[in-house]
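What follows is calculated from the coordinates using simple rules that are stated; it is not laboratory data. None of the values given here were measured: they were computed from a predicted structure.
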Amino acid sequence: MNEYDSEIMAGLLRESNYSLTPNLEEADLVILNTCYVREKVKQKVYSKLGEIKKL
């Protein structure tokens, strides 16, 4: 489901003249689309947010 939702968001962003990049350093906007139901996944999300914050 998250992959589908991410594709919808990507399409909407493209329609608004945003371009996608796999390089976080190039990004003006970062969207982390996830859901978590287990503690381990929750910690991975927080870890990724910490990485992004350093940019």
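Here are a few things to note about the model shown:
- Its Kirkwood hydrodynamic radius, worked out from the mean inverse distance over all distinct Cα pairs, puts the chain at 12.7 Å.
- Tilt relative to the chain, helix 2-15 - C-alpha long axis, 0 to 90 degrees, to 10: 30 degrees
- Between helix 39-53 and the chain: long-axis angle, C-alpha atoms, 0 to 90°, nearest 10: 50 degrees
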